[in-house]
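> The structure follows.
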Ligand SMILES: C[S@@+](CC[C@H](N)C(=O)[O-])C[C@H]1O[C@@H](n2cnc3c(N)ncnc32)[C@H](O)[C@@H]1O
Ligand code: SF4
């Protein structure tokens, strides 16, 4: 039956599915065929030339937050006690030293992203010690992209200035929603003035790209309240806006403080309408949609990367750097060297114990097969450029009647257009569903409800 309207499509395609910051996705990593020795070999075979000439990306996970936001799906620990800052920084530096020993060269760093948790939980002195400790044994690429995530409630002028002095030019602030009812439900009370203040401070210091994170699909959100949050955001004209679809994953992050019930969440159709409000307002204000959940002003590097088809996606989300070596430092961080992934111990004590015991804190990983690499490329193309192409030979690796039928059905539903050796996404809302058809680890009747959030 041909589906003709968006509501029917949402009903049909709103299933639990990955966000594809990696392929294969973490629940399907082949742990049996991975060990730390193979990870070492992978790093070495990646090549010193690549690490020195093309450069590395570093993701550094800073897992502490002072207060729990009950919608949050990040790896974090909530505490008001700051006494562990120093030893966590020591662990990160010790882990970096292990990587330097394995690589055996002075690497070039192209990109650093401080994520969390809340990087601005740490004092600026501790962040400075961390970064000077890392940068002293590395070259910094000429057009480096250093960024950090700041919480508007605790990012200070000192944080912004210290990191600026170390080469940071991009900052993203978690905003989520300005509506008091929503803020109460998600346990995140954050006045507009706090966001305005840090945004203006960042600009005055010289940051060239300020990003605000908003989320749609949160409890009690209504068209009018989301419109209001967006209009307030537009008053500050951040260069980038992340407009994330709320990932409801209570089985991982369940907690007793939640100020909402599942019934308080918008339905899939309502959630889509919230997104449409955002799309319209952002486009009216001169922003362009970049990838699945970002908007950027023309001139911002993310926008430029999209226009030049250089957009890349990894565990940090969308990035402008196509570096194929990303080392993740810190508890739960994931490293990605294109042909292999490795994830550190998630538990902070287990992570520290390994590092201080002199071994890499890698807990699990995956070595990509030839088939994985082909599918990874297709999924990356779809998530970044909303189209992909292949040669018949390559496609033969995964070709099957089931795959052909699924693609044809999606074409009939109007969400993609098949080309002789490739496809173009017509309905971007369903890009994750299209990627799922290529995913070799998902089978049609598999139960994915407790693994992934809903695609819409
Ligand atoms: C590590 S936080 C940002 C920095 C800082 N901790 C803060 O909250 O301001 C990363 C961002 O991920 C997004 N996020 C977290 N949990 C999410 C979820 N369940 N669904 C969608 N986005 C989520 C939020 O927009 C959040 O700002
Ligand atoms: S949204 Fe940010 S501050 Fe809130 S719990 Fe998550 S990481 Fe921590």
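The rows are residues; the columns are (1) over 26 Å from residue 272 (Cβ atoms); (2) within 15 Å of ligand 2 (Cβ to nearest atom).
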site	(1), (2)
192	yes, no
196	yes, no
204	yes, no
210	yes, no
219	no, yes
224	no, no
230	no, no
234	no, no
247	no, yes
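> Within the stretch 408-431, which residues are touching a residue at least 24 places away in the same chain (Cβ under 8 Å) and over 27 Å from the mean Cα position of the chain (by Cα)? Can you show your working first?
Filtering the stretch 408-431 for residues touching a residue at least 24 places away in the same chain (Cβ under 8 Å) gives 410, 412-415, 419, 421-425, 427-431.
412, 413, 414, 419, 421, listed by residue number.
> Report, by residue number, each residue of the stretch 206-221 that is more than 10 Å from ligand 1 (Cβ to nearest atom) and part of a loop (DSSP other than H, G, I, E, B).
206, 207, 208, 219, 220, 221 - these are the residues of the stretch 206-221 that are more than 10 Å from ligand 1 (Cβ to nearest atom) and part of a loop (DSSP other than H, G, I, E, B).
> Now for a separate question. In the stretch 175-205, what count of residues is obtained for those that are in contact (Cβ under 8 Å) with a residue 60 or more places away in the chain and either in contact with a helix residue (DSSP H, G or I) (Cβ under 7 Å, 6 or more places away or on another chain) or within 15 Å of ligand 1 (Cβ to nearest atom) (or both)? Let's see the steps before the verdict.
Step one: filter the stretch 175-205 for residues in contact (Cβ under 8 Å) with a residue 60 or more places away in the chain, giving 176, 184-188.
Narrowing the set further to residues that are either in contact with a helix residue (DSSP H, G or I) (Cβ under 7 Å, 6 or more places away or on another chain) or within 15 Å of ligand 1 (Cβ to nearest atom) (or both) leaves 176, 185-188.
Count: 5.
> Separate question: Exactly one condition in (1) assigned to a loop (DSSP other than H, G, I, E, B); (2) within 14 Å of ligand 1 (Cβ to nearest atom) is false for residue 167; which is it?
(2)
> Suppose we keep only residues that are assigned to a strand (DSSP E or B) and surrounded by 15 or more Cβ atoms within 10 Å (Cβ to Cβ) within the stretch 141-154. Which one would you say is farthest from ligand 1 (Cβ to nearest atom)?
141
> When you scan the stretch 410-427, how many residues do you find that are on the phi < 0 side of the Ramachandran plot and surrounded by 14 or more Cβ atoms within 10 Å (Cβ to Cβ)? Steps first, answer last, please.
Keep residues of the stretch 410-427 that are on the phi < 0 side of the Ramachandran plot, which gives 410-413, 415-421, 423-427.
Filter again for surrounded by 14 or more Cβ atoms within 10 Å (Cβ to Cβ), leaving 410-411, 413, 415-416, 423-427.
Matching residues across the stretch 410-427 total 10.
> Select from the stretch 132-154 the residues that are within 16 Å of ligand 2 (Cβ to nearest atom) and within 14 Å of residue 60 (Cα to Cα) and list them in ascending order. Walk me through how you get there before you give the answer.
Our first condition is that a residue be within 16 Å of ligand 2 (Cβ to nearest atom); within the stretch 132-154, this holds for 147-154.
Scanning the stretch 132-154 gives 147, 148, 149, 150.
> Do you know which residues across the stretch 1-46 are without any contact (Cβ under 8 Å) to a residue 12 or more places away in the chain and under 19 Å from residue 314 (Cβ atoms)?
Once the filter is applied, which keeps residues that are without any contact (Cβ under 8 Å) to a residue 12 or more places away in the chain and under 19 Å from residue 314 (Cβ atoms), the stretch 1-46 yields nothing.
> Now for a separate question. If residue 167 satisfies all but one of (1) within 23 Å of the chain's Cα centre (by Cα); (2) at pLDDT 95 or above; (3) surrounded by 20 or more Cβ atoms within 10 Å (Cβ to Cβ), what's the number of the condition it fails?
It fails just one condition, (3).
> Ok, one more. So which residues in the stretch 232-247 are in contact with a strand residue (DSSP E or B) (Cβ under 7 Å, 6 or more places away or on another chain) and either free of Cβ contacts under 8 Å to residues at least 24 places away in the same chain or assigned to a loop (DSSP other than H, G, I, E, B) (or both), if there are any at all? Steps first, please.
Filtering the stretch 232-247 for residues in contact with a strand residue (DSSP E or B) (Cβ under 7 Å, 6 or more places away or on another chain) gives 233, 238-246.
Hits for the stretch 232-247 are 238, 239, 246.
> Going through the stretch 52-78 one residue at a time, which ones are closer than 22 Å to residue 345 by Cα, away from ligand 2 (no atom under 11 Å from the Cβ) and surrounded by fewer than 23 Cβ atoms within 10 Å (Cβ to Cβ)?
59
> Within the stretch 99-122, track down each residue that is away from ligand 2 (no atom under 16 Å from the Cβ) and within 21 Å of residue 75 (Cβ to Cβ).
To start, the set of residues in the stretch 99-122 that are away from ligand 2 (no atom under 16 Å from the Cβ) comprises 99-112.
Answer for the stretch 99-122, where residues must be away from ligand 2 (no atom under 16 Å from the Cβ) and within 21 Å of residue 75 (Cβ to Cβ): 99, 111, 112.
> Return yes when residue 364 is at pLDDT 95 or above, surrounded by 16 or more Cβ atoms within 10 Å (Cβ to Cβ) and over 26 Å from residue 32 (Cβ atoms) and no when it is not.
The answer is no for residue 364.
> Return the pair list, or none, for Cβ contacts closer than 8 Å from residues in the stretch 112-135 that are in the same structural domain as residue 59 (by TED's automatic domain parsing) and modelled with pLDDT of 95 or more to residues that are within 14 Å of ligand 2 (Cβ to nearest atom) and part of a helix (DSSP H, G or I), at least 6 apart or on different chains.
Taking only residues 6 or more apart or on different chains, the pairs are 127/119.
The values are calculated or read from the model by the stated rules, or taken from the named source; none is laboratory data. Remember, predicted model here, so these are calculated numbers, not experimental data. Quick reminder, even Gly has a Cβ in these numbers, built from the backbone with ideal geometry, and neighbours come from all protein chains shown.
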